[in-house]
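Below is one structure, written out as structure tokens; the observations come after it.
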Amino acid sequence: MNNRANQRHEEDHVIQYFCIFNRVLIFVAEMFMSSSLAAGRVILRLLQNFQPSRLSWLRLRHSFVKTQAVPLPDNEAERLKALADYNILDTLPEQAFDDITALAAYICKTPIALISLVDADRQWFKSKVGLQGSETPRDWAFCSHAILEPEDILVIPNAIKDDRFNNNPLVKGNPKIRFYAGAPLITPDGLPIGTLCVLDTISHHLSYQQLDALRRLSRQAIAQMELIQEVRNRKQASLTDELTGLHNRRGFFLMAEQELKIAHRMKALCWVIFIDLDGLKQVNDTLGHDMGDALIIDAGRLLKQSFRSSDIVARLGGDEFIVFISSYFKDADSIQEYLQANIANFNQQQNRNYELSMSMGIECYSPESDMSLEEVIARSDKLMYAQKRLKRQSLT
């Protein structure tokens, strides 16, 4: 009752302010009439057309009413990182998740079931039954409340009678939600990233068995996400060099082949840089293999930092690296000068028992040449060995 009384009191104040403002405008119009009868009549006519009824004014006011702000979980930063690590947002529908929502709707006897993931400013549906949209603002999300109590299932028997939701656009407008039950999706580290939820357009109740099934299905949803992440990680590991974290030979060829096809279609120039570390054997023999590994890691880090994230930097094995870049360098000499400057800067700033040195061969791929990736690599490899021979000759 107090809430309704306060609301009426607030509405009366709004109308009073509007009436005062309206009277001021009429006074101004009357002043105009004393000096210009035609101008005054025009202003009065506009004011008469502008007079809103009490009902229309209240509709205008209520159209700007916002839903209650939902507090963020204490571990919000960790929660968002865990969600991002699954790489699941904005992915295509998958049968395994659709089976879970279908079962949830069937068991709970509701027309709507969702796997809802709560992002920074939205909730996104990985799977949905009975709903058209793929996401809503986070401020509208029942699930934003559910993740605040990850150990419990949030149940809203009738949203109209709940002060947290009775003004929610999803309750006031379509789909006119009345019932909600959401079991949080909890990662193995205990972080709630969303919910498996069921909804209805009428007031609803779930039995203990239905709630238990909802919780069990939520665990299956997380298990499926963990499985997908594990498969992805294993696949990524098979394409990654263990020592440097760069792409390995297999990863390089898979990605570079795709980039070369795109370059050919777009008629764009590309560069392949074949690189060999100078003096790795000597470092291994004199300073030990741990120091040799450190040299390889430094080389990989320098190459990674020297190019864009969209470029492909890989370690082929041993002391050999390779880079595939698009044509933002004008020629091979500019690439050579750029890398040598970065190497010199590294040696000047880093306190190491060795100096980083690289021999490199740089070959351009032109769409007109129609060379294969293997041919471009072979040419750059040949140029690299020519540079290495010149270095050796200069030392004798």
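The values are calculated or read from the model by the stated rules, or taken from the named source; none is laboratory data. Just so it is clear, the structure is predicted and the values come from calculations on it, not from any experiment. Positions of Cβ are backbone-derived with ideal geometry, glycine not excepted, and every protein chain shown enters the neighbour counts. Areas reflect the complete protein model, heavy atoms only, side chains present, ligands, DNA and RNA absent. Shrake-Rupley method; radii C 1.70, N 1.55, O 1.52, S 1.80 Å.
Mean separation of Cα pairs under 8 Å and 6 or more residues apart, divided by the residue count, gives region 267-347 a relative contact order of 38 percent.
For Cα pairs less than 8 Å apart in space and 6+ apart in sequence, what is the mean separation divided by the residue count of region 216-316, i.e. the relative contact order in percent? Show your work: numbers first, answer last.
Values: 61 pairs, mean separation 35.2, N = 101.
It rounds to 35 percent for region 216-316.
Within the same chain, lysines fewer than 8 places from K172 are excluded, and of the rest, those with a Cα less than 24 Å from its Cα are K66, K109, K128, K161.
Ranked by the mean number of other Cβ atoms within 10 Å of their residues, highest first, the peptides 109-117, 146-154 fall in the order 109-117, 146-154. When both region 146-160 and region 366-396 are represented by their alpha-carbon centers, they are found 65 Å apart.
Each residue was assigned an accessible area with a 1.4 Å probe, and for R301 the value is about 120 Å².
Note on L148 and N351: the extension gain reaches 68.2 nm, defined as 0.36 nm multiplied by sequence separation minus the Cα-Cα distance. Which lysines have a Cα less than 19 Å from the Cα of K330, not counting those fewer than 8 places away in the same chain? List returned: K267. Measuring with a 1.4 angstrom probe and ignoring ligands and nucleic acids, R164 comes out at about 100 Å² accessible.
Computed 3J(HN,Hα) for region 368-378, one whole-Hz value per residue from the Karplus formula 6.51 cos²θ - 1.76 cosθ + 1.60 where θ = phi - 60°, is 5, 6, 6, 6, 7, 4, 4, 5, 5, 5, 4, glycine and proline marked x. Net charge in the neighbourhood of R215 (other residues with Cβ under 12 Å of its Cβ; Lys, Arg +1, Asp, Glu -1) is -1.
Relative to a virtual label point 7 Å from the Cα of M291 in the Cα→beta-carbon direction, which members of region 322-353 show backbone nitrogen distances below 15 Å? Under 15 Å, as judged by backbone N against the label point of M291, lie 351-353 of region 322-353.
If contacts are Cα pairs under 8 angstrom and at least 6 residues apart, what is the relative contact order of region 238-292 in percent? 16 percent.
The H on the amide N of L316, modeled in the peptide plane, is under 5 Å from the matching H of F321, I322, each at least 5 residues off or on a different chain.
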